[in-house]
1. Considering only protein heavy atoms, what per residue accessible area in square angstrom results for region 10-78 with a 1.4 angstrom probe?
2. Quick one: P(r) of region 10-78 from all Cα-Cα pairs, 5 Å bins, percents rounded to integers, in order of increasing distance.
Amino acid sequence: MATRPIEIGPAGIRTARNIERLRLARGLSQQQLAERCTALGRPLTNTALSRTERGRRRCDVDDLVTIATALGAPPAALLPSWTAHGVASPSTARTLNRIQGALLG
């Protein structure tokens with residue numbers, strides 16, 4: 001029996017977009033970011049990074065932390081903002097983001 005690949009959900013897609021957005025804001029190519037990740041001890045090819053940014057490859061926690069570090073950002077900067085049922089007041093969103101930041105360093 002063949003196993004079905006786990007689909008990447010909305011949070012994964014938003015994270016992928018955030019990785020690309022921040023990479024471009026830093027003026028880095030995918031190759032440069034992949035090299036930084038490899039230098040940090042987490043080998044990552046530019047093909048793997050490209051697939052991650054396009055939502056074709058899952059980004060596990062170790063990849064997320066390494067990519068964030070290579071971009072000079074906290075891991076929480078790559079994750080989508082939390083909202084309650086899709087809509088949150090600005091103060092609720094700030095509180096949830098502070099919790100998220102505290103949990104993820």
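The values are calculated or read from the model by the stated rules, or taken from the named source; none is laboratory data. None of the values given here were measured: they were computed from a predicted structure. Remember, those area values only see protein heavy atoms, side chains included, never the ligands or the DNA or RNA. Shrake-Rupley method; radii C 1.70, N 1.55, O 1.52, S 1.80 Å.
1. Heavy-atom accessible area per residue stands at 55 Å².
2. In whole percents, the pair-distance histogram is 3, 20, 35, 31, 10, 1.
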